[in-house]
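Structure record follows, encoded as structure tokens.
The values are calculated or read from the model by the stated rules, or taken from the named source; none is laboratory data. Since we're looking at a predicted model, the values are computed, not measured. Don't worry about glycine lacking a Cβ; one is built from the backbone with ideal geometry, like all the others, and counts go over all protein chains shown. These area figures cover heavy atoms from the full protein model, side chains too; ligands, DNA and RNA do not enter into them. Shrake-Rupley method; radii C 1.70, N 1.55, O 1.52, S 1.80 Å.
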Amino acid sequence: MSQASDAVNYYASPGPMTDPGPYASLLAGLPSAIPDLVQVVQGLLVHVFWAEQYGLSVSDERKAEVQLRLVQDKLARIRQLDGRPLAEPRPLDKKLVGNCRDFSVTLCALLRCRGVPARARAGFATYFLPGRYEDHWVCEYWDAAEGRWVMVDAQLDTFQRQVLEIDFDPLDMPPGRFLTGGQAWQVCIAGEADPETFGIFEMHGLWFVEGDLLRDFLALNKLEILPWDHGWGYFATQAERELLARLAALSVAGGPLAELQATYAADPGFHVPTDYLVAGGRA
């Protein structure tokens with residue numbers, strides 16, 4: 001089996017974050033087409049930063065749902081809010097409150113549970129604010145017929161596409177609309193983009209790009225941590241810069257898988273805390 005085939009097979013099964021656990025039966029009978037699965041995700045989730053634009057006031061207690069790392073914890077909360085089958089769209093106040101990672105990781109989980117290779121990607125989108133690279137997550141799936149990874153932004157429903165005047169297909173995003181953490185790191189280090197334009201809210205700069213580079217590296221290892229998890233600060237020394245350059249190359253190429261896994265295993269500084277990987281684990 002080729003290295004490429006190994007990688008495709010690796011992403012066809014759930015990881016610790018995307019395993020539905022005891023809620024796997026809820027996924028039975030869901031549609032298989034990508035547009036339909038994206039609609040399922042959009043019917044289950046509402047973005048915490050868009051809620052008011054939909055006319056939904058979200059309490060602080062409900063906003064805490066963005067802290068749910070594991071898909072099985074998300075499914076448990078979704079069922080608690082509304083016990084109907086997952087394919088049935090929820091009213092706004094019964095949707096799980098999440099963010100871009102939640103849309104991407106949930107779609108990734110639904111695809112993997114169908115045996116479709118999928119991976120969440122952390123990086124920056126160009127389509128939220130002019131001249132800015134906004135912190136964001138998307139999902140990729142392997143199109144076997146075309147032999148390529150297809151990038152999908154599951155967050156962009158009809159309303160958001162209209163507000164943002166999206167001029168591309170969110171179900172097959174063209175290059176350049178989203179930069180993975182590795183791509184962002186490379187263009188910033190090369191002086192092709194200003195690191196101060198990368199981030200979210202008042203947080204921006206090369207340190208923020210580094211964070212998304214590391215989150216994307218972990219996601220390629222099927223460890224899709226929360227956007228605010230962990231803290232590294234790797235780029236102080238030349239050796240650490242060389243490490244980040246290697247991670248960026250892996251992020252841009254999406255592999256090879258063996259090097260992704262070996263690099264993660266070799267550096268304890270990358271290792272995700274075990275209590276992040278259990279149901280109901282640390283918030």
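Across segment 4-24, the qualifying residues are those that are modelled with pLDDT of 95 or more and hydroxyl-bearing (S, T, Y), and the one among them that is most open to solvent (accessible area, probe 1.4 Å) is Y23. The single condition among (1) free of Cβ contacts under 8 Å to residues at least 60 places away in the same chain; (2) more than 21 Å from D153 (Cα to Cα); (3) assigned to a loop (DSSP other than H, G, I, E, B) that P31 does not satisfy is (2). The residues of segment 202-224 that are surrounded by fewer than 21 Cβ atoms within 10 Å (Cβ to Cβ), in contact with a strand residue (DSSP E or B) (Cβ under 9 Å, 6 or more places away or on another chain) and part of a loop (DSSP other than H, G, I, E, B) amount to a single one, G205. Within segment 37-57, residues that are at negative phi and open to solvent by less than 20 Å² (accessible area, probe 1.4 Å) sit with their Cβ atoms under 7 Å from residues that are part of a helix (DSSP H, G or I) and acidic (D, E), at 6+ positions apart or across chains, in these pairs: L45/D102. Listed here are the helices (runs of 4 or more DSSP H) enclosed by segment 77-193 that have at least 1 residues being open to solvent by 60 Å² or more (accessible area, probe 1.4 Å): 158-164, 181-189. Evaluating D135 against the criteria (1) of a type in the set (D, E); (2) within 21 Å of P31 (Cβ to Cβ); (3) in contact (Cβ under 8 Å) with a residue 40 or more places away in the chain leaves one unmet condition, (2). In summary, L30 fulfils each of the numbered conditions (1) surrounded by fewer than 19 Cβ atoms within 10 Å (Cβ to Cβ); (2) in contact with a strand residue (DSSP E or B) (Cβ under 7 Å, 6 or more places away or on another chain) with the single exception of condition (2). Within segment 245-265, residues that are farther than 21 Å from F124 by Cα sit with their Cβ atoms under 6 Å from residues that are among the aromatic types (F, W, Y) and open to solvent by less than 20 Å² (accessible area, probe 1.4 Å), at 6+ positions apart or across chains, in these pairs: Y264/F270.
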